[in-house]
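Some notes on the structure that comes next.
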Amino acid sequence: MYMQFEINSTITAYEPYKETIVYLPNITLCSLPNGTKDEINLAQGNVIIRTKEKVLQATDINRITSATNVDYVWIKKPNDFAFHGSVAEAGDSAFILEGYTNFSGGEYDDANKVGQVASSAQSINFYLITAKGAYATLQEAQTALAGLQLIYQLATPVEIPVQVSGTLVGYSSGTVYWEPMVADAGVYAGKMDILNTSLPIKRIEKLSKVDYATGVEYELDPAQAVISADKLSFTHPSLSNGDIVFFIYEYNNETTIPEMAVQYYDSRYVVKDTETGKFYKWNIVVANGQPSIELVEV
């Protein structure tokens with residue numbers, strides 16, 4: 001039931017809710033303290049990756065104990081880091097090391113800076129400031145820090161073409177929302193595994209199976225699905241081995257909501273092809289006094 005309340009002498013006609021959905025490809029996008037961020041462009045169908053993730057290896061880690069008030073753990077900078085061997089001021093906010101904060105400025109040999117990590121000036125290393133004697137040996141430091149995630153700014157951004165599912169159609173007084181949802185599909189084999197294991201299931205929004213012989217899609221009750229303890233698969237009483245399954249699920253949003261920039265085409269000058277579903281911008285051109293309509297796909 002929908003109700004509409006208004007204070008007016010004339011009742012406004014009720015307009016039902018309209019919705020269009022676009023599913024983004026399962027690509028992890030990151031941002032850094034210096035404002036560098038990855039970007040997906042739905043209109044152009046591409047992703048621009050400006051950051052990169054690296055898992056620290058023991059061979060990336062060394063240590064120095066010659067300072068007076070603190071010790072330093074040196075971490076080798078990746079070769080494609082934007083500030084590899086460059087000035088510290090430019091690189092101190094161009095990375096994130098899991099569990100630690102970026103250097104806030106001042107002297108390195110300062111016990112108040114313990115837990116901060118800096119892009120060492122004119123060096124091929126980051127260094128993490130630790131308490132004096134925090135690690136008795138290099139091996140101890142390597143054991144403690146190997147496996148941590150480092151996200152850093154790439155020297156050269158990478159552009160990747162992607163296929164976007166759906167078309168985002170705007171309506172008058174509409175609002176654009178981003179929600180942590182994933183569209184997935186697969187073949188049931190005792191359970192239904194998700195494709196992207198970095199996005200574990202929080203809640204199943206929609207679930208259906210497709211009859212292989214007829215192609216008919218049957219909606220199933222997502223509330224009957226039993227999500228596994230590791231959140232990477234689920235079972236359902238109405239699914240059998242070999243069933244083709246389509247589902248949409250919500251994942252735990254452990255990241256910030258992305259910044260969205262929305263551009264739109266005026267519906268007075270953009271039309272949808274009823275056969276292909278493509279959109280075209282039209283305008284009138286005149287040649288030798290004869291008008292014609294020119295279409296450009298958008």
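The values are calculated or read from the model by the stated rules, or taken from the named source; none is laboratory data. Note that the structure is predicted; figures quoted are calculated from it, not measured. When we count neighbours, we look across all protein chains shown, and the Cβ atoms used for this are built from the backbone with ideal geometry, even at glycine. The protein model used for the area step is the full one, side chains on, heavy atoms only, and it has no ligands, DNA or RNA in it. Shrake-Rupley method; radii C 1.70, N 1.55, O 1.52, S 1.80 Å.
In the stretch 179-203, which residues are open to solvent by less than 60 Å² (accessible area, probe 1.4 Å) and in contact (Cβ under 8 Å) with a residue 60 or more places away in the chain?
Pro180, Met181, Val182, Ala183, Asp184, Ala185, Asn196, Leu199
Within the group Thr20, Thr28, Thr68, Thr59, which residue is in a loop (DSSP other than H, G, I, E, B) and either basic (Lys, Arg) or farther than 30 Å from Ala183 by Cα (or both)?
Answer to the check: Thr68.
Kindly list the number of the only condition in (1) surrounded by fewer than 12 Cβ atoms within 10 Å (Cβ to Cβ); (2) in contact (Cβ under 8 Å) with a residue 24 or more places away in the chain that fails for Val164.
Single failed check for Val164: (1).
Out of all the residues in the stretch 73-90, which are in contact with a helix residue (DSSP H, G or I) (Cβ under 8 Å, 6 or more places away or on another chain) and either free of Cβ contacts under 8 Å to residues at least 12 places away in the same chain or part of a strand (DSSP E or B) (or both)?
Val73, Ile75, Lys76, Phe81
Spot the failing condition for Thr51; the list is (1) open to solvent by 40 Å² or more (accessible area, probe 1.4 Å); (2) within 13 Å of the chain's Cα centre (by Cα); (3) of a type outside the set (Phe, Trp, Tyr), and only one is missed.
Every listed condition holds for Thr51 apart from (1).
Residue by residue through the stretch 39-49, note down the ones that are touching a strand residue (DSSP E or B) at 6+ places or on another chain (Cβ under 7 Å) and either without any contact (Cβ under 8 Å) to a residue 12 or more places away in the chain or closer than 26 Å to Ala146 by Cβ (or both).
Listed by number, the residues that qualify are Glu39, Ile49.
When you go through Lys231, Lys206 one by one, which is the residue that is in a strand (DSSP E or B), open to solvent by 70 Å² or more (accessible area, probe 1.4 Å), over 26 Å from Ser172 (Cα atoms) and among the basic types (Lys, Arg)?
Lys206 is the lone residue from the list that is in a strand (DSSP E or B), open to solvent by 70 Å² or more (accessible area, probe 1.4 Å), over 26 Å from Ser172 (Cα atoms) and among the basic types (Lys, Arg).
Please work out which residue is most open to solvent (accessible area, probe 1.4 Å), limiting yourself to the stretch 276-298 and to residues that are assigned to a loop (DSSP other than H, G, I, E, B) and over 24 Å from Gly170 (Cα atoms).
Once the filter is applied, the top-ranked residue is Asn288.
For the structure I just gave you, tell me whether Asn252 is in contact (Cβ under 8 Å) with a residue 24 or more places away in the chain and under 23 Å from the mean Cα position of the chain (by Cα).
Yes.
The conditions are (1) in contact (Cβ under 8 Å) with a residue 40 or more places away in the chain; (2) open to solvent by less than 50 Å² (accessible area, probe 1.4 Å); (3) under 30 Å from Ala261 (Cβ atoms), and Leu56 fails exactly one of them. Which is it?
It is condition (3) that Leu56 fails.
Is it true that some residue in the stretch 214-229 is within 19 Å of the chain's Cα centre (by Cα) and of a type in the set (Val, Ile, Thr)?
no
Do you know which residues across the stretch 91-144 are in a loop (DSSP other than H, G, I, E, B), open to solvent by 70 Å² or more (accessible area, probe 1.4 Å) and β-branched (Val, Ile, Thr)?
Ile124
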